[in-house]
Amino acid sequence: MGEELIICRCQEVTEKEILDAIADGATTVDGVKRRTRACMGLCQGKTCGRLVQSMVARQTGQNPADVPPQKSRMPARPVKIGTFGGPEDV
Ligand code: FES
């Protein structure tokens, strides 16, 4: 595979960036996520998560089933406090 192969299309993270993150000490998908932003795009890792998981397993000598998938977080956006019952213009 080429080092410029895009693994995470949403964040345009390459295979080389992920391998560098693992070489830098990432031993989990979340570790790679924090270092590269892979799995943080629009699809939230639905497309790239398993690829990153298998790369972590291969590079660290772990069984792929033992590498936990990335933690999912609910999408969040700011809302006015009035949404929760306070004054509308706050
Ligand atoms: S392809 Fe990685 S977050 Fe969508």
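The values are calculated or read from the model by the stated rules, or taken from the named source; none is laboratory data. This structure is a prediction, so every number in the text was calculated from the model and none was measured. Backbone-built Cβ (ideal geometry, glycine too); neighbour counts: all protein chains shown.
In the stretch 28-83, the residue that is farthest from the chain's Cα centre (by Cα) out of those that are within 12 Å of the ligand (Cβ to nearest atom) and surrounded by fewer than 12 Cβ atoms within 10 Å (Cβ to Cβ) is Leu42.
Please go through the stretch 4-27 and give me each residue that is assigned to a loop (DSSP other than H, G, I, E, B) and either away from the ligand (no atom under 12 Å from the Cβ) or touching a helix residue (DSSP H, G or I) at 6+ places or on another chain (Cβ under 8 Å) (or both), ordered by number.
Start the filter on the stretch 4-27 by keeping residues that are assigned to a loop (DSSP other than H, G, I, E, B), which leaves 4-5, 9-12, 24-27.
Hits for the stretch 4-27 are Glu4, Leu5, Gln11, Asp24, Gly25, Ala26, Thr27.
Taking residues in the stretch 30-44 that are among the hydrophobic types (A, V, I, L, M, F, W, C), and partners anywhere that are modelled with pLDDT under 95, the pairs with Cβ atoms closer than 6 Å and at least 6 places apart or on different chains are Cys39/Gly45; Cys39/Gln70.
If I go through the stretch 30-79 residue by residue, how many of them are of a type in the set (S, T, N, Q), in a loop (DSSP other than H, G, I, E, B) and touching a helix residue (DSSP H, G or I) at 6+ places or on another chain (Cβ under 8 Å)?
Restricting attention to the stretch 30-79, the residues satisfying the condition of being of a type in the set (S, T, N, Q) are 36, 44, 47, 53-54, 59-60, 62-63, 70, 72.
Checking which are in a loop (DSSP other than H, G, I, E, B) leaves us with 44, 47, 62-63, 70, 72.
So of that shortlist, the ones also touching a helix residue (DSSP H, G or I) at 6+ places or on another chain (Cβ under 8 Å) come out as 62-63, 70.
Number satisfying all stated conditions: 3.
Is it true that some residue in the stretch 10-27 is loosely packed, with under 12 Cβ neighbours inside 10 Å and among the small types (Gly, Ala, Ser)? There is at least one residue in the stretch 10-27 that is loosely packed, with under 12 Cβ neighbours inside 10 Å and among the small types (Gly, Ala, Ser).
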